[in-house]
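One structure is given here, and the rest of the page talks about it.
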Amino acid sequence: MKLTKIPFRGKVQIEGQVFEVDVDDLDARPIVATVDGERFEVWPEVVGAQGGAPASMPTPSKPEVVGAYGSTPIPHSAPIPTPPSGGDKALLVRAPIPGVIVAIAVKPGAKVQIGDELCVLEAMKMRNAIRATRAGQIAAVHVTVGQHVKHQEPLVEFAP
Amino acid sequence: MDLSHLLGELSKGLADFTAGNAVMIAVGAILIVLAVVKEYEPVLLLPIGFGCIVANIPLTGMTEANGLFGVLYQAGISTELFPLLIFIGVGAMIDFSPLLAQPKMALLGAAGQFGIFGTLLLATLLRFPLNEAASIGVIGAIDGPTSIFVATKLAPRLLAPIAVAAYSYMSLIPIIQPPLMKLLTTKSERRVRMEYTPRPVDRRALVAFPVVITLIAGLLVPDATPLISMLMLGNLLRESGVVDRLSKAAQNEIINVSTLFLGLTIGSTMGAAAFLNWTTLSILALGLVAFVLDTVAGLLFGKLMCALSGRTINPLIGAAGISAFPMAGRLAARVAHDEDFDNYILMHAMGANTAGQLGSVMAGGVLLALVLALT
């Protein structure tokens, strides 16, 4: 077991929004990051899967930080829930709220950047743009225009 | 045939036309332009604007007791019939499930009403009598039918400016609220995530809710019963699921016909003599203050809930605790989404917004009861 901590502290800019990120130890699992005063837990399964990579990196690569941004916030006092197993969470974009798909902006094979619009979900008569929280290639689109989606229903899938 | 006599008859209307009439016709035209070009509450501002123009044509007799506007006023405004019919439709359009799934949002709906009482105090300081001050304060909840209902009972003299203020500020929500939201919350507060947790609401609860609320509100605040009971009747039609035709009629025909005649009649009370004075201007100004105070109270309470909950409640939803539905809820969700594109607080904001709708009706009733008891 390693005794030295690898801290990271700095500003991360995503889509023009600047986030204050503070990580106590990049080697710990899960990585506990504080983004704008809010605690996030990150399991860097995508980057860390190759083995040993995070330990040698002075700063986390962009997708990793984005993973922090896209994960569920955990209040300081709340017990730590077990994250869903597998890379499913990072690859699948799910419906954040129930609604109707009114537009789809991507096709399978399309390459998207962080912040690109994937589809538009209308809920309570309000159009909500669902945007990519990671960069990559679209593997599949699971919905069609006009389809009613439930909460957490898969919308778009990224290629691994 | 005496031509000069005929000419005199023809120009009679012109001779009676005053500068005040011209100004009011311009005001009516502005309301119509706002409705057509900017789509600011066109369903109301269009008939109000047109009614205002017609009422300022001299010698039509339409505003007399037996004229069309006079009859409509007696039938629908003096009796509070139109706002109450509108409430049946509004009730049929409200889905209370976001509120029933998150009952703590009811607190935000209550907090949003503090502006009403703040403005009441301010208006009293400006030497408005209590009944008029209370009617002006209700504008803050941005609830058109409630404002009209309360004003009709307490201060019918001020009905037109109060109705115009309530409906104009309703359309100005996207302009008035965001600066206040940004001023009163920090960036990290606006980024507080609220995960949507689907909590299915039991159908029995949805059906029982309107009946229970009517009974509780009716027994506690009898003066609010006309408003609450009609709102809840509409909601019962919707949630019962067995009178789809009545529910649809309430949401379309009943509310549309009532809104048309309500707007037209309110517009017809905008005569030059009654409208062009300092009272109208101060009502418009105080109405804006009331709205700002309501938003500020909601936001501050949202911040308090944010802190008490360990940053699990986004304070922006506090601004949605007013009556304007669904504009206020959508706006809170949009401001949070602009700050963090992966944050969807829409359902929570809607919970606060429905609470605000209920809260403003209750506050209107409480105010009625208090003022009627004191005067």
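Data overview
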read-out: Matching residues in region B:215-243 - criterion: being within 25 Å of B:Met347 (Cα to Cα) and assigned to a helix (DSSP H, G or I); value: B:Ile228, B:Leu231, B:Met232, B:Leu233, B:Gly234, B:Asn235, B:Leu236, B:Leu237, B:Arg238, B:Glu239, B:Ser240
read-out: Condition broken by B:Leu180, with the remaining ones in (1) within 14 Å of chain A (Cβ to nearest Cβ); (2) more than 30 Å from B:Leu237 (Cα to Cα) satisfied; value: (1)
read-out: Filter pass, B:Ala352 being touching a residue at least 60 places away in the same chain (Cβ under 8 Å), within 22 Å of A:Lys125 (Cβ to Cβ) and more than 13 Å from every other protein chain (Cβ to nearest Cβ); value: no
read-out: Members of region B:22-80 that are in a loop (DSSP other than H, G, I, E, B) and among the hydroxyl-bearing types (Ser, Thr, Tyr); value: B:Tyr40, B:Thr60, B:Thr63, B:Ser78, B:Thr79
read-out: Only one of A:Gly115, A:Gly136 that is in contact with a Phe, Trp or Tyr (Cβ under 7 Å, 6 or more places away or on another chain), touching a residue at least 24 places away in the same chain (Cβ under 8 Å), facing chain B (nearest Cβ under 9 Å) and crowded, with 16+ Cβ neighbours inside 10 Å; value: A:Gly115
read-out: Test: residue in region B:148-158 that is over 20 Å from the mean Cα position of the chain (by Cα) and of a type outside the set (Gly, Ala, Ser); value: no
read-out: Selected residue [outside any loop (DSSP other than H, G, I, E, B), within 14 Å of chain A (Cβ to nearest Cβ) and not polar (S, T, N, Q)] from B:Glu195, B:Glu189; value: B:Glu189
read-out: Residue within region B:292-314 that is within 14 Å of another protein chain (Cβ to nearest Cβ) and buried (at least 23 other Cβ atoms within 10 Å of the Cβ) present; value: yes
read-out: Subset of region B:366-375 (residues that are part of a helix (DSSP H, G or I) and either surrounded by fewer than 21 Cβ atoms within 10 Å (Cβ to Cβ) or modelled with pLDDT under 90 (or both)); value: B:Val366, B:Ala369, B:Leu370, B:Leu372, B:Ala373, B:Leu374
read-out: Flag for B:Phe261 being surrounded by fewer than 23 Cβ atoms within 10 Å (Cβ to Cβ) and modelled with pLDDT of 95 or more; value: yes
read-out: Subset tally (residues that are out of contact with any Ser or Thr (no Cβ under 7 Å at 6 or more places or on another chain) and not in a loop (DSSP other than H, G, I, E, B)) for region B:175-186; value: 8
read-out: Those residues of region B:34-56 which are in contact with a helix residue (DSSP H, G or I) (Cβ under 8 Å, 6 or more places away or on another chain) and of a type in the set (Val, Ile, Thr), in sequence order; value: B:Val36, B:Val43, B:Ile48, B:Ile53, B:Val54
read-out: Tally, over region B:191-227, of residues that are farther than 30 Å from B:His337 by Cα and aromatic (Phe, Trp, Tyr); value: 1
read-out: Test: residue in region B:144-162 that is over 18 Å from B:Ser78 (Cα atoms), surrounded by 24 or more Cβ atoms within 10 Å (Cβ to Cβ) and modelled with pLDDT under 95; value: no
read-out: Any hit, region B:315-326, residues being within 18 Å of the chain's Cα centre (by Cα), within 11 Å of chain A (Cβ to nearest Cβ) and of a type outside the set (Asp, Glu); value: yes
read-out: Residue list for region B:332-347, restricted to those being touching a Pro at 6+ places or on another chain (Cβ under 7 Å) and either at pLDDT 95 or above or more than 10 Å from chain A (Cβ to nearest Cβ) (or both); value: B:Val335
read-out: Lone qualifier among A:Val100, A:Val120, A:Val93 - being under 17 Å from B:Tyr344 (Cα atoms), within 14 Å of chain B (Cβ to nearest Cβ), part of a strand (DSSP E or B) and touching a Pro at 6+ places or on another chain (Cβ under 9 Å); value: A:Val93
read-out: Residue list for region B:198-212, filter: of a type in the set (Val, Ile, Thr) and part of a loop (DSSP other than H, G, I, E, B); value: B:Val201
read-out: One residue from B:Gly91, B:Gly112 being modelled with pLDDT under 90, surrounded by 22 or more Cβ atoms within 10 Å (Cβ to Cβ), under 30 Å from B:Ser247 (Cβ atoms) and under 21 Å from the mean Cα position of the chain (by Cα); value: B:Gly112
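Here is a yes/no grid of residues against (1) over 30 Å from A:Gln13 (Cβ atoms); (2) free of Cβ contacts under 8 Å to residues at least 40 places away in the same chain; (3) buried (at least 20 other Cβ atoms within 10 Å of the Cβ); (4) out of contact with any Asp or Glu (no Cβ under 8 Å at 6 or more places or on another chain):
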position	(1), (2), (3), (4)
B:Thr269	yes, no, yes, yes
B:Leu284	yes, no, no, yes
B:Ala328	yes, no, yes, yes
B:Arg334	no, yes, no, yes
B:Asn343	no, no, yes, yes
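The values are calculated or read from the model by the stated rules, or taken from the named source; none is laboratory data. Since this is a predicted model, take the numbers as computed values, not measurements. Don't worry about glycine lacking a Cβ; one is built from the backbone with ideal geometry, like all the others, and counts go over all protein chains shown.
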